[in-house]
Every structure is written in C-alpha cells, then in structure tokens.
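The values are calculated or read from the model by the stated rules, or taken from the named source; none is laboratory data. All values derive from a computational prediction rather than experimental measurement. Please note: Cβ atoms are built from the backbone with ideal geometry, for glycine as well, and neighbour counts cover all protein chains shown.
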Amino acid sequence: MATKESIRDLLEPGGRLDPGRAWQVVELVDGQPRKIAQLIECLWDENPAVANRAADSLERVTRDRPAQAQRWKGELLGLMAETEEKKVRWNLALVIPRLKLTQSECRRAAVVLRSYLDDLSSIVKTAALHGLADLTRQDSSLRPEVLDLLRVAGRSGTPAMRARSRILLEKLDNPRKSKRAETSLHMFT
C-alpha cells in the first residue's frame with residue numbers, strides 16, 4: 001500500500017539526531033525521483049531534526065545516483081556555506097563533491113570545506129577531509145593542498161580524522177589499490 005505521507009511527514013518523528021525513517025525516504029525517492037524536490041526542500045526546514053534526516057537521506061540517495069541532486073547544486077552549495085547544523089554539514093560535505101561541479105564551484109566548495117576543519121565536531125571535520133579528497137577528482141589543482149591537509153590530520157587530528165586520512169591518502173596515492181578505501185568510506189551511516 002502506497003503511503004500518502006509527505007516526505008516531511010516521514011522525516012518529522014524522532015529526536016534531533018535520531019535517523020528516524022530516513023531509509024524509508026531513500027526508498028521512496030529512489031522509486032520516484034521527482035520526489036527528491038520535496039526531500040531537498042526539507043533541508044531548510046525550521047525543525048532541525050527534519051533537516052538532519054533530510055541531509056542523511058540525501059547523502060544515501062546520492063551514493064549511487066548523484067545525478068538526482070544535480071539540479072539543486074547551486075542551492076546545496078549555498079546551504080553548505082550557511083548551515084550551522086552539524087549533521088547537515090557533514091552530509092553535505094559528502095554530497096557536494098559527488099555532483100558535477102565547475103572549477104569555480106569546486107573552489108567554492110573547497111573554501112567551505114576548509115572552514116569545516118575548524119568545526120568543533122570531529123565528524124564534521126572528518127567529512128570535510130573526505131569531501132576535499134573527493135573534490136580532487138574534479139579539480140586536480142586542489143590535490144597538493146589536500147594531500148598536505150590529510151598528512152597533517154593523519155598525524156595530529158582526532159582519532160576519526162587520523163583513521164580517515166590514512167584511508168584517503170591510500171586512495172589518492174594508489175587509486176587502483178584502494179578497494180578497501182572505497183568499501184570503508186560510508187562511516188556516517
């Protein structure tokens with residue numbers, strides 16, 4: 001039986017960081033890609049729990065189908081720069097580099113991701129490193145700086161940053177040998 005609930009209705013129940021029915025939303029959006037507009041709209045919801053679950057759902061949807069969010073890249077880049085919500089930040093840090101970006105958009109995203117390295121949340125910092133590493137696939141001029149950031153974080157970051165940096169350095173240094181890195185990168189779900 002098909003649900004009559006809106007995407008927002010599905011995302012509303014639960015505490016601020018509770019995943020709630022995020023997987024159900026992912027399945028609904030995957031089955032009906034036009035519904036992604038409702039999901040994207042929820043990223044700006046006044047209820048932080050709804051925005052958090054929307055970001056979580058969007059991250060999961062874009063793992064395999066980033067093109068579904070491509071149409072909203074400008075809005076998502078803007079939100080990434082303005083949001084203070086930690087869970088929205090770390091999910092957008094992973095989503096944005098999956099989109100097809102111009103060089104200017106890559107650099108804009110890199111500026112925001114660098115600012116995330118000053119966040120109090122270790123998860124936000126770790127996701128920012130991941131996002132920066134992913135951006136190097138689209139803008140190779142970022143590679144030297146990102147490699148330096150990963151090396152520093154690998155020595156002096158939080159335990160999560162150190163572990164993630166080692167994986168990302170392996171992936172960037174040996175793209176063919178990085179199967180382990182690919183399978184271990186979904187740390188936030």
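Could you grab the pairs with beta carbons closer than 6 Å, sequence gap of 6+ or different chains, first residue in the stretch 2-30 and free of Cβ contacts under 8 Å to residues at least 40 places away in the same chain and loosely packed, with under 15 Cβ neighbours inside 10 Å, second one in a loop (DSSP other than H, G, I, E, B) and of a type in the set (A, V, I, L, M, F, W, C)?
No pair meets every condition.
I'd like to check which helices (runs of 4 or more DSSP H) are fully inside the stretch 1-58 and have at least 3 residues that are of a type in the set (Val, Ile, Thr). Spell out the reasoning first.
Details: elements: 7-11, 22-31, 36-42.
The helices (runs of 4 or more DSSP H) meeting that bar are 22-31.
Evaluate the following for Ile40: is it touching a Phe, Trp or Tyr at 6+ places or on another chain (Cβ under 6 Å) and surrounded by 15 or more Cβ atoms within 10 Å (Cβ to Cβ)? Step through it out loud before you land on a result.
Working: touching a Phe, Trp or Tyr at 6+ places or on another chain (Cβ under 6 Å): yes; surrounded by 15 or more Cβ atoms within 10 Å (Cβ to Cβ): yes.
Taking the combined requirement at face value, the residue satisfies it.
I'm checking my understanding of the structure. Among residues of the stretch 86-99 that are part of a helix (DSSP H, G or I) and either free of Cβ contacts under 8 Å to residues at least 24 places away in the same chain or among the hydrophobic types (A, V, I, L, M, F, W, C) (or both), which one is surrounded by the fewest Cβ atoms within 10 Å (Cβ to Cβ)?
Checking each candidate, the answer is Leu94.
So which pairs qualify, if the first residue must be in the stretch 101-114 and farther than 20 Å from Glu84 by Cα, the second must be among the small types (Gly, Ala, Ser) and surrounded by fewer than 18 Cβ atoms within 10 Å (Cβ to Cβ), the Cβ gap must be under 9 Å, and the two must be at least 6 apart or on different chains?
Final answer for the pair search is Gln103/Ser141; Glu105/Gly74; Cys106/Ser141; Arg107/Ser141.
Are any of the residues in the stretch 106-121 hydrophobic (A, V, I, L, M, F, W, C), closer than 21 Å to Cys42 by Cβ and modelled with pLDDT of 95 or more? Steps first, answer last, please.
As a first pass, look at the stretch 106-121 and keep what is hydrophobic (A, V, I, L, M, F, W, C): 106, 109-113, 117, 120.
Cutting the leftovers down to closer than 21 Å to Cys42 by Cβ gives us 112.
Imposing the further condition that a residue be modelled with pLDDT of 95 or more reduces the set to 112.
Yes; the residues of the stretch 106-121 include at least one that is hydrophobic (A, V, I, L, M, F, W, C), closer than 21 Å to Cys42 by Cβ and modelled with pLDDT of 95 or more.
Pick from the stretch 65-80 the residues that are over 13 Å from the mean Cα position of the chain (by Cα) and part of a helix (DSSP H, G or I): which of them is surrounded by the fewest Cβ atoms within 10 Å (Cβ to Cβ)? Spell out how you get there, then give the answer.
Step one: of the stretch 65-80, the residues over 13 Å from the mean Cα position of the chain (by Cα) are 65, 67-68, 70-72, 74-75, 78.
Restricting the remaining residues to those that are part of a helix (DSSP H, G or I) gives 67-68, 70-72, 74-75, 78.
Details: Ala67: 12, Gln68: 19, Gln70: 14, Arg71: 13, Trp72: 20, Gly74: 9, Glu75: 14, Gly78: 13.
That would be Gly74.
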